[in-house]
Amino acid sequence: MDVDVIVLGMGPGGEDVAGRLAEAGLRVAGVEGNLVGGECPYWGCVPSKMMVHAAAAPKPDWPALARRIRKEATDDWNDKVAADRFTGKGGHLVRGYGRITGPREVTVGDQVLRARKGIVIATGSQPAVPPIDGLEGTPYWTNHQAIEAEELPGSLIVLGGGAIGVELAQVFSRFGSRVTVLEGSDKVLSMEEPESGELICKVFADEGIDVHAGVHVSRVDYDGSMFTLDGARAEKLLVATGRRVDLKAIGVGALGLDESARAVPTDARMRVTDGVWALGDAVGHGAFTHMSMYHADIIVKEILGAQELGRRERGTMPTEPERARPWAQQGSHDAEYHAVPRVTFTDPEVGAVGLTEAQARDKGLDVRVAVGDLGTRGWIAQAQGFVKLVAADGVLVGATCAGPGGGEVLGLLTLAVHARIPLQRLDEMIYAYPTFHRAVSAVVRELVSSR
């Protein structure tokens, strides 16, 4: 099959690129070996957040939740709606796992696809399962099995205290499972501010969730009904130790790249090499759906911008449908990573953007830090949480808001970090009262007054 563009992987970013290019009139082949839509709608963001919200109900009902996930969120893990959405735009869906086998060439089983304009690598990532003695061959869970579970386990060990691990730990605990979290580093949420991990540990202790940090599990034992790890015993084991990208399976060696690397190198326009772009998890700037969509937008504008330039050089005009689509005329821009937002959807939520204090100091910045509680709103709602701001050169370079709606308050902080708004200007804003976001104003004022 000869096409204009091959999109290798049809997760959120890949589906967006493929669909928009097809709508713009290009001949696009989307290659997917699993479900169109990727991890997020079937085993990630969408069903896991349904679980988080259902766990907060006055009477959590696991069978009802499992039915909702199966019927409403995932269509029983069937991607017909997403697949039809793509093909309805004129795209060609190729089922199977694709591998790059030459310049602008992808092989899927016995079928060879060739692209006139190029290839977009959008293959996402897979759960990273550590090589622990005794683990292989046991019926351990990853996030897939946890999301698909129709029966609630009486007890659960969560191996890994990152975002996925702590979110699901709290979900299963609130539904009634006895939960133990084992984390290898010295704190949970180790990629975030230490105050975030401390807050979650305090909340978990209040809720009866056992957390053990600094635990290096060397062996897993399973006797047919119970798992045993580092003295902890439970019916089920959830392995939530991060994610990985399998570059060898993608075939990046055909592009002259290191197949053992952790990510695909790109320039600021997401180009890997001539005629090859990459996005999302494969690029290594955060395994977030919003990151893949951010990259997707840059790539679409790059490809359509090049197409528009070629037409001008040939003296031809875009078609009417393309003129009606705003992205067909918008220029691309460089990817920026100084203000990457991220949210851990525990209760309380932990929203963060940009650098942590430790990361800012490691960069040699002249760092100033201020931390405050949730102010009046925290007292009114009897809510736990804090705001922490990291500043350098008169602007915010990082921020964390932990508390009810922490992910929503993060919008304000992300804008401030992204646009490099001066602290003085933030101090001059009007912050509504009584809100959680008003807590930001007191911490900003502390930074301004500490100059």
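No value in this document is a laboratory result; all are computed from the given coordinates. Predicted model, so just to flag it, every value in this text is computed and none were measured. All Cβ positions, glycine included, derive from the backbone under ideal geometry; neighbour counts span all protein chains shown.
Which FRET efficiency, nearest 0.05, do residue 2 and residue 420 yield, Cβ-Cβ r, R0 56 Å? Don't skip to the end; give the middle numbers.
On the way: r = 46 Å, r/R0 = 0.82.
According to the calculation, E is roughly 0.75.
Fewest first, what order do 277, 379, 141 take by the number of other Cβ atoms within 10 Å? List each step's numbers first, then the result.
Working: 277 28, 379 11, 141 22.
In order of increasing Cβ crowding within 10 Å: 379, 141, 277.
Give me the percent relative contact order of the stretch 341-449, please, defined on Cα pairs under 8 angstrom at least 6 residues apart.
Details: 215 pairs, mean separation 33.2, N = 109.
So the answer I get is 30 percent.
Give me the Debye-computed log₁₀ of I(q)/I(0) at q = 0.18, 0.20 Å⁻¹ for the stretch 91-179, equal point scatterers on Cα only, no solvent, two decimals.
-0.85, -0.94
With an 8 Å cut-off on Cα pairs and a minimum separation of 6 or more residues, tell me the relative contact order of the stretch 327-387 in percent. Spell out each step's value before the answer.
Numbers: 42 pairs, mean separation 12.4, N = 61.
RCO, the stretch 327-387: 20 percent.
In which sequence would 433, 294 go, from the one with the fewest C-beta neighbours within 10 Å to the one with the most?
Values: 433 10, 294 20.
Fewest to most other Cβ atoms nearby, the residues stand as 433, 294.
Tell me what the chain gives for mean residue ellipticity at 222 nm when only DSSP H runs of n ≥ 4 count, each as -39,500 (n - 2.57), the sum divided by the residue total, rounded to 500 deg cm²/dmol. Before the final figure, lay out each step's value.
On the way: 16 runs with 154 residues, N = 451.
Dividing the helical sum by the residues of the chain leaves -10000 deg cm²/dmol.
Amide H of residue 244: which non-local residues (sequence gap of 5 or more, or other chain) have their own amide H closer than 5 Å, using H built in the peptide plane?
Those lying under 5 Å, H to H, from residue 244 are 126, 128.
May I have the pair-distance distribution P(r) for the stretch 171-256, computed from all Cα-Cα distances with 5 Å bins from 0 and rounded to whole percent?
For the stretch 171-256, the binned pair fractions read 3, 11, 18, 19, 17, 11, 8, 7, 4, 2, 0 percent.
Please name whichever of 386, 433, 365 sits farthest to the positive end of the charge dipole of the stretch 341-449, dipole taken about the Cα centre and charges placed at Cβ: Lys and Arg +1, Asp and Glu -1.
Positive-most Cα among the choices belongs to 365.
Counting other beta carbons within 10 Å of each residue's own, what order do 43, 77 fall into, fewest first?
Details: 43 23, 77 16.
So the ranking, lowest neighbour count to highest, is 77, 43.
Cβ under 14 Å from residue 260's Cβ, residue 260 left aside: what net charge do those residues give with Lys, Arg +1 and Asp, Glu -1?
Spelling it out: positives minus negatives among the neighbours equals 0.
Over the Cα atoms of the stretch 195-236, what Rg and Dmax result, in angstrom?
Just the Cα atoms of the stretch 195-236 yield Rg and Dmax of 12.9, 39 Å.
For residue 211, list long-range residues whose amide hydrogen, built 1.01 Å from N in the peptide plane, is under 5 Å from its own amide hydrogen.
181
Report the calculated FRET efficiency for residue 258 and residue 337 (r = Cβ-Cβ distance, R0 = 35 Å), to the nearest 0.05. Don't skip to the answer; put the middle values down first.
On the way: r = 21 Å, r/R0 = 0.61.
Taking R0 as 35 Å, the efficiency between residue 258 and residue 337 is 0.95.
Averaged over every viewing direction, what's the projected area of the C-alpha convex hull for the chain? Give it in nm², one decimal, please.
Values: hull surface 96.4 nm².
Reported value for the Cα convex hull: 24.1 nm².
Whose amide H sits under 5 Å from the amide H of residue 251, counting only residues 5 or more places off or on another chain, with H placed in the peptide plane?
100
How long are the three semi-axes of the equivalent ellipsoid for the stretch 341-449, computed from the Cα gyration tensor as the root of 5 times each eigenvalue, in whole Å, largest first? List each step's numbers first, then the result.
Values: eigenvalues 89, 49, 26 Å².
Gyration-tensor ellipsoid for the stretch 341-449: 21, 16, 11 Å.
Output the relative contact order of the chain, whole-number percent, from Cα pairs under 8 angstrom with separation of 6+ residues. Don't skip to the end; give the middle numbers.
On the way: 915 pairs, mean separation 60.9, N = 451.
Computed over the chain, the figure is 14 percent.
Could you tell me the center-to-center distance, by alpha carbons, between the stretch 124-166 and the stretch 17-45 in angstrom?
About 26 Å separates the Cα centre of the stretch 124-166 from the one of the stretch 17-45.
A 27 angstrom limit on the alpha carbon distance is what I want to check against. Which of 187/236; 59/187; 187/363; 71/301 exceed it?
Numbers: 187/236 23 Å; 59/187 31 Å; 187/363 22 Å; 71/301 36 Å.
As for pairs spanning more than 27 Å Cα to Cα, those are 59/187; 71/301.
What ³J(HN,Hα) values, in whole Hz, does the Karplus curve 6.51 cos²θ - 1.76 cosθ + 1.60 give for the stretch 210-221 when θ = phi - 60°, with x put for Gly and Pro?
Using θ = phi - 60°, the values come out as 7, 10, 10, 9, x, 9, 10, 6, 9, 8, 10, 10 Hz.
How far apart, in nm, are the 7 Å Cα→Cβ label points at residue 268 and residue 89?
In this crude spin-label approximation the distance works out to 2.7 nm.
From the backbone phi of the stretch 248-260, what are the Karplus-calculated ³J(HN,Hα) couplings (6.51 cos²θ - 1.76 cosθ + 1.60, θ = phi - 60°) in whole Hz, Gly and Pro given as x?
Listing the rounded values in order: 5, 5, 6, x, 5, x, 5, 9, x, 9, 6, 6, 9 Hz.
Work out, step by step, the length gained on full extension between residue 449 and residue 57: first 0.36 nm times the residue separation, then minus their alpha carbon distance; give nm to one decimal. Provide the component values of the computation, followed by the final result.
Numbers: separation 392, 0.36 × 392 = 141.12 nm, distance 4.26 nm.
Computed gain between residue 449 and residue 57 is 136.9 nm.
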